[in-house]
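Let me begin by presenting the structure, written as structure tokens, before commenting on it.
Just so it is clear, none of the values below were taken in a lab; they were calculated from the coordinates. A quick note: this is a predicted structure, and the numbers were derived from the prediction, not measured. Every residue, glycine among them, receives a Cβ derived from its backbone with ideal geometry; neighbour counts consider all protein chains shown.
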Amino acid sequence: MHSEHAQSIVERSVGNMLGLIRETLELDVVFVGEFVNDQRVFRHVSKDDGMTLIEVGGAHPLDLSLCWRIANGRFPALVCNVREVVDEYELPPIYMQLGGHVGVPVRLGDGRLYGSLCGASTKACPHLQAQDVKRMEIAAQAIARLLAQAEGRDVIALDD
């Protein structure tokens with residue numbers, strides 16, 4: 001009983017956080033993706049109704065994932081218009097549909113890479129700034145703690 005209850009609380013908490021980030025940063029979609037084998041699996045998603053590419057439980061190969069590239073230092077955490085850097089970063093053509101993108105790794109308390117917290121828009125996002133990456137990093141830390149709670153791990157106290 002405990003774990004199901006904890007998981008539903010975590011689902012709600014993460015969902016609320018993603019919704020808040022999406023509104024604050026004016027993005028079309030914000031999601032938590034878990035890196036599983038060679039796939040990125042969407043675990044939590046907040047999106048505009050028109051966004052159909054990203055659904056909870058859906059997956060994409062890691063090598064198509066900007067979030068995976070960010071986690072490995074091969075793509076910037078913040079790009080205001082991805083369309084403009086498709087050639088520079090040798091991205092698949094699907095990224096010609098993407099405007100703003102911001103993403104940060106999600107690391108669990110023991111340092112393991114769980115996945116990423118990413119947000120995107122079909123429009124360019126000149127309003128996004130370095131402080132928005134910082135906001136995402138703080139949210140990613142909070143999400144990592146929530147995920148640990150859902151798995152029934154005792155959560156390590158916040159940095160004193």
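Would you calculate, for the chain, the mean residue ellipticity at 222 nm contributed by helices, counting each DSSP H stretch of 4 or more residues as -39,500 (n - 2.57) and dividing by all residues, to the nearest 500?
-10500 deg cm²/dmol
With Cα extents along the principal axes in Å as the read-out, I listed (i) 48, 34, 30; (ii) 56, 38, 28; (iii) 59, 34, 31; which label goes with the value calculated from this structure?
(i)
Nearest 10 degrees is fine. How inclined is helix 130-150 to the longest principal axis of the chain, computing both from alpha carbons?
Approximately 40 degrees, to the nearest ten.
Size of the dipole of segment 2-150 about the Cα centre, Lys and Arg at +1 and Asp and Glu at -1 on the beta carbon, nothing else charged, in debye to 20?
It comes to approximately 380 debye.
Can you tell me the 0 to 90 degree angle between the C-alpha axis of helix 2-25 and the longest principal axis of the chain, rounded to 10?
Its long axis makes an angle of about 30 degrees.
Where does the longest stretch of the chain lie that holds no GluC sites (Glu not before Pro) found in a DSSP loop with 14 or fewer other Cβ atoms within 10 Å?
In the chain, the maximal stretch lacking such sites is 91-150.
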